Every structure is written in C-alpha cells, then in structure tokens.
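Undergrad: My questions will all concern the structure given below.
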There are 2 protein chains.
Amino acid sequence: MNQKFEQLQTHLDRFMALNTAITLFDWDSDTTAPPAATERTAKVKGILANEAYHALVNPEVEQLLNELKGHKDLDEIQTAIVKQLCEDFEKTAAIPAKENQEFKELVSHSICAWARAKKEDDFSVFAPYLEKLIAYQKKFADYRKKEGQTRYDVLLNDFEKGFFIEDLDRFFDKIKQAVVPLLKEQKAKEKGIDKSYNFLCYDIEKQKEFCAWISEYIGFERERGVRSEGEHPCTTNLHRDDVRITNHFYENNLESAIFSEIHESGHGIYEMGISEKLSQTPIGGGASCGMHESQSRFYENVIGRSKAFWKPIYGKLQETFSEQLGEVSLEQFIAGINLAKPGLIRTESDELTYCLHIMVRYEVEKKMINSDYPVEKLPELWNDLYEEYLGVRPQKDSEGILQDIHWATGDFGYFPSYAIGNAFAAQIYHTMKQQMDVEAILEAGELDKIKQWLGEQIHQYGMMKSAREIMKDVTGEEFNPDYYIQYLEKKYK
Amino acid sequence: MNQKFEQLQTHLDRFMALNTAITLFDWDSDTTAPPAATERTAKVKGILANEAYHALVNPEVEQLLNELKGHKDLDEIQTAIVKQLCEDFEKTAAIPAKENQEFKELVSHSICAWARAKKEDDFSVFAPYLEKLIAYQKKFADYRKKEGQTRYDVLLNDFEKGFFIEDLDRFFDKIKQAVVPLLKEQKAKEKGIDKSYNFLCYDIEKQKEFCAWISEYIGFERERGVRSEGEHPCTTNLHRDDVRITNHFYENNLESAIFSEIHESGHGIYEMGISEKLSQTPIGGGASCGMHESQSRFYENVIGRSKAFWKPIYGKLQETFSEQLGEVSLEQFIAGINLAKPGLIRTESDELTYCLHIMVRYEVEKKMINSDYPVEKLPELWNDLYEEYLGVRPQKDSEGILQDIHWATGDFGYFPSYAIGNAFAAQIYHTMKQQMDVEAILEAGELDKIKQWLGEQIHQYGMMKSAREIMKDVTGEEFNPDYYIQYLEKKYK
C-alpha cells in the first residue's frame, strides 16, 4: 500500500510544484510585475493551470485514489491526504479541463481590469469580465450541484464545508437582530469620541516601519516571511517557510495600515504554524476560509483593538508619530479604534458593522449566482443594500461594488466566511480566556504565548481537521454563534 | 506540415511556461524570498525543472522534430525554431533526466551557499558545492563531447557557438599583447587623475533615484520592465514585456551602481527589442551570451563612459550630489570613469583591465573542467593568476574567487563571452559610426536613435541569426578582434 502511496506522491509533488508556481505568479502580479506584462504572463499562467489540472485529474490518480481510499495500512496523514484528494478530485474532475484553463486565463485578465476600473472609478471597465466570471461559476456549479442544492450552495460549501444558504440565512438573521439595536445605541455615544487624530497626515515611511515592527511583535517571523505592498492587503503562502503578506498605506489614515498589518500577520502566523509534516501536501493549508479568517480577525479585533494589547506598545506608536498623537491618550486611542460608525468600505469598517458589509455581499452573490440578475444593475443593487443595512449610500463605484478584489479573482461565496470567522474567533476566545489570563499576557507583551496556544490548538493541524471539528475539539462544543453576539454586546453595550 | 507544427507548439508552450516559472523563482530568490524558504522552494524548482525537461525530451517531440527538420513548408520562424530545438534536444537528451534534476536542485542550494560564503568570506562554505558542480559539468560534458573536443570546448561552445579553446587561446593572447603595454603607459598617467570624489559618501536613496532615471534615459522601458536590488546585478527575462534588472548599491562608491545600471539596462533593452513574433518561443532570447554582453557593454563602456554621453546629463548628476561633485568638472569625471587601474573586482574594473580579469577565470575554468585540479587549491590558483596578469593579489576570497555568482549557478564557460562581447561591441561601434554621427546624437541626448539602430540591426532578430551571422550582416565582415584592439589603443594611448 505504501508503494501505491509513493506512486501517488509523484503526482502530488507535481501538483504542489505547479500550484506553488501559480501562487508565485499571483504574488508577483500583485507586487512587482510591470503593467505591460499582463497578456503574455496570462498565457504562461493559463498553461501552468492546465498542467496543474492534469497533474491531479488523470486516470492513474483516479485509480490510485480508488485503491487507497479508506485503506487501513495508511498512516493518519496519508489517510487525510487521500480523503482530501478524493474531494478535490471530484470537484476538479467535474469541470472540463479546457473550461478550467479558460477560466484561469479570464481571472488573470479580470484582476487587471478590476484594478483599472477601481482606479478610474468606472464599473463598465470591469463589468464585461464580471459577467463572464459569473457565467463560468454558474456553469461550474451546475456541473457539481447535488440534489436539493442551489448553485450558490455549491460555492458556499467550497469555502466553508457544511455551510449552506439555509445556515447562513439563519446566521445572518441572528446577527442582524443583535447588531441593529446596538448600532442605534452607538450613534448616541459616537459624538463624544474625537477620532480626528486618525485622519491627520502620517508619513508613509514611518507607517511602514511601525507596521514591520508590529507584525513581528505579534509573531510574524521575518526569517520565514516577506512583507510587501499591494493594492489590496492579502496573504500568500508558498509553503510554511515562505509566507508573504501585503499591505496598502494611506497618508491620511493611520488605522488602515496598522490593522491590515495585524490582520494579514494573523493569516501568516496560521500558515507558519502548520506542521512541518503537512506543508507542501494537499492538507498543508488552513482548515477552512472561515477558520483562517477567525485567526486574522482574532489578532486584528479581539486582541488588536483591546486596551491590554496597546498598553505596553502605545508609547512606541506615540513616539513614532509624536506630532499627531502626542496629545492623544491611550483611552482616546482605544475609543477611536473601537468606534462603531457605518461606512462604505468593508476593510475600513469596525467590528460592529462588519457583518452588515458581508450581508450586502451575501445578498448580491445570491442574486448573481442563483438568478439572472443583469450585471449592469449590480452597482444599484449594491448601493440600495448599503442604504438599507448601513444607512449610507456609495456615491462612487470605487467606494461601492468595486472595492473588493474577490470577484475579480473568481471567488464567489467567499465573503460569508469572513462573518463565520468572526463568530469562530469569539467562541475560541471564550475558551482561551478560561485557560489563561489573556489580559495579563497582553499587558506583559507576551504575544508568543497567544501564538503558542493557537498553534497547538489550531494551526499545527492544517487541514487534518475540518473547521467544525476544530471548533468542537478546542471549545468542547459545536459551533455556536451566540458567543459572537455576547462578545459584541459586551463590547458595545 | 502546419498541423505537425501545431502539435509541436503544444510542447513548446509547456516548455516555455515551465521555464518562465523557473525564471520567476530565480528572480524571486534573488530579490524577495525569505532566508528560510530555500530548502522547500528548491524542491519546487527541482520538480519544475524535471517537468520542463520532459516537456521537451519525450518521444513525441523527437518524432515531430524528425518529421519537421529541414521541411520546406515551414515559414522562416518555424524553420529557425525547429533548427534551434533540434540542437537543444540533442544537448538535453544527452543528459539523464534524474541527473539533470539533481543538478538543478544542487544549483538552487549552491547559490545560497555561495552568497553565505561570500558574506562570511569563507571559501570552505562554498567549496563542497563547487566540487559537486564541477563533477556534474564534467560528467555532462563527457556525455556530449564530440571527436577532437575537450570537455571545456563543449561548455565554451554552449555559450558562444563556434568558439573553442583554440580560438580563445589565440584571442586572449592577442589581447594580452596589446593590453600589457597599454597598462604600463597608464600607470604613468594615473597619478595625475584625482578620483577621490568617487569614494565619498553617496546617499543610497539618491543613487537609486538617479539610477532609475538613467535607466529610462538610455531606453529601458518602465511599462515593460522592473528594477530591483540583488546581491549581484543581473537581468532576468520572463518575456519581451517583462524584463527585470537588479542592481547593488554601495554608499562609498558612486560609479559601481551607475555603470551596473547602464550595463543591465543594455541587456534589458536587447530583450525588450526582440520581435513580438519571437518572444516566448525557443528563439526569443539574445543571439548568444557574447552578443548579449556586447550590447550591455556597448551601453556601459563605449557610450556610457564617453564625454558626449555625459555632456547633457552630468549637470543632473552634479545636482543630485552637489556636495560631493560640485567642484568636480566634467573633464575630471570623464577622466575618473575611464581611469585604468588594476584591481581585484571584475565588475568594478575598467575597460582596459577587464579582459585580464576574464583571462584569470578562463585559465581557472580550463583547470577545473579539463583536469583534476583540487577544489581547495583553486583560491591559490586564482590569487596567483591575479598577481601574474594584474599585479595585484586578493587578501580575501570574498574579493577573490568568491566574487562572481556564475559558478554557483552552474555556469562554466560563460566568462569568455564577456571578453568576446567587448570585441563584438567595438566592431559594431566601428560600423555604427560610419552610418551616423554618434557623438552628436549623444550630445543631443537622443538615445532612442541608438536604441533604434541596435534594435533594427541586432535586437529584433532574437536567435534567428547566430552571433557570427549578425556580425557579418551588420558590419559586412567576419568577427574581427582587431577593432577592439584599435578601440583600446585609441582610447588609452
């Protein structure tokens, strides 16, 4: 049986190497490649994607998987790899290779079109690409959907196993009922908080220096990581010893880069914490998108916006920007970074309104994938939903429907994972507090203890466990969004 | 026949895409990747190299090439591609796939070992890798050598078709006879030139700004190019619309970065000038290493060290570094950048002594590849030859045998191309001057005219012509090193 697995390993190695190459091209496009390179490089990436597809989807792999599936001679990791592969195989094999390659090439071009559309504030630049992306995803979902599923169910389940429209409708309804009254209360408090300091002029080089420092402070390892700049902050993982994050800096917004840095570092710490034995295998990534987001948002919000976290390090920030923050007390800063105020931009939003931003996208995606909603009317739908949920209406598509990269990269059904991640984080935090004095640890600046706990409980397992299994093993109960409601109520009441 | 070529095209596309990925990994290792990534990334690169190997070396390609070879239905480009591929195929097929993959992985590790050895000034860190690299190259040359050839002949011919030990012994002998007396004359002149300005403290950020500017000034296109930093300045070509150069900046040496920038930009301009129809095909690179070096060194030396070139732009350099250069006249600067003085570092050397640096490497390589010379004795051999040819002796291996990256990347037989490139450049310059008033063009800052001429005469053809063919078509005669001797004598007498 081990000989069979070794045969499979050759295919896995090819699949891994080709995907790592594609990942590097994606990173490179985001950070380095010159503008004119797009077309020729898209050709390269299209071919590599096709190679990667055939590395996994071929008769030999199919036969090997059939022989290995459920076999008792395999060790724990091998078993998990075979299980994961069977799922991947089923998913990938359902889509014709040619269409898969066309889709990948389309994505390559779409990202550039989206970036230009956002820059020029012109939805019509991106619209034809978006229309094609949606058409592909509909077709792909049709190939794959099982009885009783809608197309959007298929996509949701890809990012968060075991979460479907039914679950999410219920989840978001619960959130909505809790958040709306809390938000009303906030409006009264808001006026007492002076946050004008955040929008002064902050030297970008100094911001970069501080962000480099805080990233390492919370546990992102420089020896195994790269930090760079990109249009949209994101995390890229070549393997556990090469994890990369990007950030985007604004001269007139201090918070933006700092919390993006903490967020992406949280993703990075997860990837760096995955067991050596799992990295570069098909189960060498995070358990799910939601679990990944739970880690980044745990660092960004649960910890990163707490007073205990800033107590030992706010002085350093004040020193870096003495002119702007010299007169801003720790208390004022903490109030500022926790101010809940409906806005237009998801990545700039506070913890309280965040899920409302996700709900907009969730509703738009349902329309995109489960109906024939015309693409040109999507900006209006977006704007109407913002007005309904958040009480604000975008005046420009660059601050509206064009703000996120996700659809340009072909990812529909991803956004809900952000909200689920928030809920995971709150439930994990509830358990963590029972096991150690988190506040004292933060005040002592011992962030390595946090990293170690998360590493042992969650990170090391990679995809050996599903997100739902992790939640149960770590917290002792099934996923329960009530902890998140309690967390928000405690914080904002 | 076109159907056959289309079948071949599929293989070519895979080969191109995989090699582009490997190129990107190389660039990334040089500029971005974190130190701990090496081992896992080497695995990825090893697999990709193996894939690339099999993309070309397989029975189907062999059969297609046999059918297509010399066929009259192919157009000019297809014919050149088939011809080139047959040569590549023969060369690659001679080496067992497994050994090829092992070698590529070794190179990946060797580059890092070399960088560490150079940094720590410790040859013993690199020696075991060098020993293995030499052993592989000997073995590979044995697989391939034809009657009457030595191993080193095989390697020389790889980089410069039609150049063997016999040619190079004669070539270098000619150079030696001309350069040694010139160098003696220089020693007398040298004392009158004050070059101390070059070794003052030059702000690195300002150097970067000036280099970015001068790179574009001579014709490196920002839209199709990337500039970055690396240990050793070099040029990387993903395709004609994504050409990348690196540079290395020193606070106490102004010239170093400026002339490296011009040099690498020269390589870059060549790659950017290759015809659209040829880019991303097997004949989409420069004609030969020597021809490539002729272009970079033409820009760096023939043009870049001339008074006419600096006349319109020296003021800008003076403004950038007014404190250091305010009192340095254009005449003094030109004398400074043309000062011939034997030194230890090839990349920092002047035009006159440059070929002597190459001769050292040529003699060392002959010993490495054509004898069983012990690796641990190579530093001494290197130092002895420097003393013999240049009259200087390295005190540290980091300034001696460890200075160049080439052997670490597995390239033996490359160095002589630098010298041949110098000779190509002088012969090309002789023709160019007959066709246009180069001095007036430089004084008017019309560098695009130079680029256009080189583009039409040389760059556009890629590998459609050999270097020897290009020399004949451009200059109307066979390669003739006498132009180079005349050029040096005119300049240094």
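The values are calculated or read from the model by the stated rules, or taken from the named source; none is laboratory data. Source: prediction; values computed, not measured. Because the Cβ atoms are built from the backbone with ideal geometry, glycine has one as well, and the counts that use them run over all protein chains shown. Accessible surface is based on the protein model in full, side chains and every heavy atom, while ligands, DNA and RNA are left aside. Shrake-Rupley method; radii C 1.70, N 1.55, O 1.52, S 1.80 Å.
Undergrad: I'd like to know which of A:His267, B:Phe249, B:Phe164 lies farthest towards the positive end of the charge dipole of the protein assembly as shown, counting +1 on Cβ of Lys and Arg and -1 on Cβ of Asp and Glu.
TA: Of the options given, the answer is B:Phe164.
Undergrad: Hey, if you drop one equal point scatterer on each alpha-carbon of the stretch B:333-422 and run the Debye formula without solvent, what base-10 log of I(q)/I(0) do you get at q = 0.12 Å⁻¹?
TA: Computed log10 I(q)/I(0) values: -0.36.
Undergrad: So, one more: Whose amide H sits under 5 Å from the amide H of B:Gly225, counting only residues 5 or more places off or on another chain, with H placed in the peptide plane?
TA: B:Val243
Undergrad: Got a number for carbon plus sulfur as a percent of the stretch B:294-375's accessible area, 1.4 Å probe?
TA: Working: 1220 of 2610 Å².
Here carbon and sulfur together make up 47 percent of the probe-accessible area.
Undergrad: Let me ask something additional. Say the cut-off is 32 Å between C-alpha atoms; which of B:Lys208/B:Lys493; B:Lys72/B:Lys472; B:Lys45/B:Lys472; A:Lys118/A:Lys277 go over it? Don't skip to the end; give the middle numbers.
TA: Details: B:Lys208/B:Lys493 34 Å; B:Lys72/B:Lys472 25 Å; B:Lys45/B:Lys472 39 Å; A:Lys118/A:Lys277 41 Å.
Over 32 Å Cα-Cα: B:Lys208/B:Lys493; B:Lys45/B:Lys472; A:Lys118/A:Lys277.
Undergrad: Along each of the three principal axes of the Cα atoms of the stretch A:1-103, give the extent in whole Å, ordering the values from largest to smallest.
TA: 53, 25, 18
Undergrad: Please check which bits of the stretch B:15-38 a label hung off A:Glu276 would reach, taking the label as a point 7 Å along Cα-to-C-beta and the cut-off as backbone N under 16 Å.
TA: Correct set: B:36-38.
Undergrad: Could you go through the stretch B:93-105 in sequence order and give the Karplus-derived ³J(HN,Hα) for each residue, using 6.51 cos²θ - 1.76 cosθ + 1.60 with θ = phi - 60°, rounded to whole Hz, and x for Gly and Pro?
TA: Once θ is set to phi - 60°, the couplings for the stretch B:93-105 become 5, 5, 10, x, 3, 5, 5, 4, 5, 4, 4, 4, 5 Hz.
Undergrad: Would you kindly work out, in nm and rounded to one decimal, the distances from the label point of B:Asp169 to those of the same position in each other copy, ordered shortest first, with label points 7 Å along Cα-to-Cβ?
TA: The projected label point of B:Asp169 is separated from its counterparts by 8.8 nm.
Undergrad: Can you compute the charge dipole magnitude of chain B about its Cα centre, using +1 on each Lys and Arg Cβ and -1 on each Asp and Glu Cβ, nothing else charged? Give it in debye, rounded to the nearest 20. Walk me through the numbers before you get to the answer.
TA: Working: 60 positive and 84 negative charges, 126 e Å.
So the dipole magnitude of chain B works out to roughly 600 debye.
Undergrad: Please give the helix A:415-435 orientation as an angle from the longest Cα principal axis of chain A, in degrees from 0 to 90, rounded to the nearest 10.
TA: Approximately 70 degrees, to the nearest ten.
Undergrad: Next question. Could you pull the Rg and Dmax for the stretch B:178-305, using just the Cα atoms, both in Å?
TA: In order Rg, Dmax, the Cα atoms of the stretch B:178-305 give 16.8, 53 Å.
Undergrad: To the nearest 10 square angstrom, how much accessible area does A:Asp153 have with a 1.4 angstrom probe?
TA: Per-residue accessible area (A:Asp153): approximately 10 Å².
Undergrad: Within a 10 angstrom radius of each residue's Cβ in B:228-239, how many Cβ atoms of other chains show up on average? Whole number is fine. List each step's numbers first, then the result.
TA: Numbers: counts 1, 0, 0, 0, 0, 0, 0, 0, 0, 0, 8, 6.
That average works out to 1.
Undergrad: Right, another one. At what distance in nm do the modelled label points of A:Asp194 and B:Glu185 sit from each other, each positioned 7 Å from its Cα along Cα→Cβ?
TA: Result for the modelled spin labels: 7.8 nm.
Undergrad: Tell me the Rg and the Dmax, in Å, that the Cα atoms of chain B produce.
TA: 22.4, 69
Undergrad: Right, another one. Which value, in debye to the nearest 20, gives the size of the charge dipole of the stretch A:375-493 about its Cα centre, when Lys and Arg are +1 and Asp and Glu are -1 at the Cβ?
TA: On the way: 12 positive and 21 negative charges, 45 e Å.
Dipole about the Cα centre, nearest 20: 220 debye.
Undergrad: What's the long-distance tail for the stretch B:42-86, i.e. % of Cα pairs beyond 18 Å? Don't jump to the answer; show the numbers that get you there.
TA: Working: 404 of 990 pairs.
Cα-Cα pairs of the stretch B:42-86 separated by over 18 Å account for 41 percent.
Undergrad: When the Karplus curve 6.51 cos²θ - 1.76 cosθ + 1.60 is applied with θ = phi - 60°, which whole-Hz ³J(HN,Hα) does each residue of the stretch A:361-367 get, with x for Gly and Pro?
TA: Each residue's phi maps through the Karplus curve to give 5, 4, 5, 5, 5, 4, 5 Hz.
Undergrad: With the crude spin-label approximation of a point 7 Å out along Cα→Cβ, what separation in nm comes out for B:Asp75 versus A:Thr431?
TA: Result for the modelled spin labels: 6.4 nm.
Undergrad: Looking at the calculated P(r) for the stretch A:51-183, what percent of the C-alpha pair distances fall above 20 Å? If you can, show how the numbers build up before the last one.
TA: Working: 5649 of 8778 pairs.
It works out to 64 percent of all Cα pairs.
Undergrad: At a probe radius of 1.4 Å, what is the per-residue accessible area of B:Cys234, in Å² to the nearest 10?
TA: Estimated to the nearest 10 Å², B:Cys234 gives 40 Å².
Undergrad: Still on this structure, please answer the following. For a quick check of understanding: with a 1.4 angstrom probe and all protein chains in place, what accessible area in square angstrom does B:Leu317 have, to the nearest ten?
TA: For B:Leu317, solvent-accessible area is about 0 Å².
Undergrad: Right, next: Set the Förster distance to 25 Å, then compute FRET efficiency between B:Lys449 and B:Glu327 from the Cβ-Cβ distance, nearest 0.05. Working shown, then result.
TA: Working: r = 33 Å, r/R0 = 1.33.
Here the calculated transfer efficiency is 0.15.
Undergrad: Once phi is turned into θ = phi - 60°, what whole-Hz ³J(HN,Hα) does the Karplus curve with 6.51, -1.76 and 1.60 give for every residue of the stretch A:158-166, x standing for Gly and Pro?
TA: Listing the rounded values in order: 4, 8, 9, 4, x, 10, 10, 3, 4 Hz.
Undergrad: Can you pick out the pairs among A:Lys316/A:Lys341; A:Lys191/A:Lys311; A:Lys98/A:Lys138 whose Cα atoms lie more than 21 Å from each other?
TA: On the way: A:Lys316/A:Lys341 27 Å; A:Lys191/A:Lys311 25 Å; A:Lys98/A:Lys138 16 Å.
As for pairs spanning more than 21 Å Cα to Cα, those are A:Lys316/A:Lys341; A:Lys191/A:Lys311.
Undergrad: While we're on this one: Limiting things to C-alpha atoms, what are the Rg and the maximum Cα-Cα separation (Dmax) for the stretch A:382-479, in angstroms?
TA: 18.4, 48
Undergrad: Working from Cα positions, state the angle (0 to 90°, nearest 10) between the long axis of helix B:59-68 and the longest principal axis of chain B.
TA: Taking Cα atoms only, the helix is inclined about 80 degrees.
Undergrad: Separate question: Over all residues in B:7-13, what is the mean tally of Cβ atoms on other chains that come within 10 Å of each residue's Cβ? Please report the intermediate quantities before stating the final value.
TA: Numbers: counts 0, 0, 0, 1, 0, 0, 5.
Counting other chains' Cβ atoms within 10 Å and averaging over B:7-13 gives 1.
Undergrad: So for the protein assembly as shown, taking the charge dipole from beta-carbon charges (+1 Lys/Arg, -1 Asp/Glu), which of B:Ala440, A:Gly343, A:His109 sits furthest toward the positive end?
TA: A:His109
Undergrad: Placing +1 at every Lys and Arg Cβ and -1 at every Asp and Glu Cβ, with all other atoms neutral, what dipole size does the protein assembly as shown have around its Cα centre, in debye to the nearest 20?
TA: Details: 120 positive and 168 negative charges, 83 e Å.
Here the protein assembly as shown has a charge dipole of around 400 debye.
Undergrad: Measuring from a point 7 Å out along Cα→Cβ, what nm distances, shortest first, does B:Asp384 have to its partners in the other copies?
TA: Distances between equivalent label points, in nm: 8.8.
Undergrad: Then there's this: Can you work out which chain A residue has the shortest Cβ-to-axis distance for the rotation that carries A onto B, and give it in Å?
TA: A:Ala21, 2
Undergrad: Excluding ligands, DNA and RNA, what is the solvent-accessible area per residue of chain B at a probe of 1.4 Å, expressed in Å²? Show your work: numbers first, answer last.
TA: On the way: 20360 Å² over 493 residues.
On a per-residue basis, chain B sits at 41 Å².
Undergrad: Compute the label zone of B:His248 within the stretch B:201-233: residues whose backbone N is under 13 Å from the point 7 Å along Cα-to-Cβ.
TA: Counting backbone N atoms under 13 Å from the label point, the list is B:229-233.
Undergrad: Which value in Å does the Kirkwood hydrodynamic radius of the protein assembly as shown take, with 1/r averaged over all unlike C-alpha pairs and then inverted?
TA: Numbers: mean 1/r = 0.0320 Å⁻¹.
Every distinct Cα pair counted, the radius reaches 31.3 Å.
Undergrad: In chain A, with Lys and Arg counted as +1 and Asp and Glu as -1 at Cβ, which of these residues, A:Ala423, A:Gln280, A:Thr38, has the Cα nearest the positive end of the dipole, that is, farthest along it?
TA: Of the candidates, A:Ala423 comes out farthest on the positive side.
Undergrad: Using a 7 Å offset from Cα along the direction of the beta-carbon, what are the separations from A:Gly148 to the same position in each other copy, nm, ascending?
TA: In nanometres, ordered from closest: 8.1.
Undergrad: For the stretch A:79-100, list residues with backbone N below 13 Å from a point placed 7 Å from the Cα of A:Gln149 toward its Cβ?
TA: A:87-95
Undergrad: Shifting gears a bit: Calculate the mean, over all residues of peptide B:26-34, of how many other protein chain Cβ atoms lie within 10 angstrom of the residue's Cβ. List each step's numbers first, then the result.
TA: Numbers: counts 0, 3, 7, 0, 0, 1, 9, 6, 12.
Counting Cβ atoms of other protein chains within 10 Å of each residue's Cβ and averaging gives 4.
Undergrad: Between chains B and A, what is the buried accessible area summed over both chains (1.4 Å probe, protein heavy atoms, nearest 100 Å²)? Present the calculation step by step, with values, prior to reporting the outcome.
TA: Working: alone 21940 and 21920 Å², together 40700 Å².
Adding both sides of the contact gives about 3200 Å².
Undergrad: Non-local amide H neighbours of B:Tyr250 (under 5 Å, H modeled in plane, Pro and chain starts lacking H): which ones?
TA: HN-HN under 5 Å from B:Tyr250: B:Ala257.
Undergrad: Still on this structure, please answer the following. Compute the orientation-averaged projected area for the stretch B:62-117 from the convex hull of its Cα atoms and round it to one decimal in nm².
TA: 5.4
Undergrad: Turning to a different aspect of this structure: For the stretch B:261-403, what size does the Cα cloud have along each of its three principal axes, sorted from largest down, in whole Å?
TA: Largest to smallest, the principal-axis extents are 53, 48, 20 Å.
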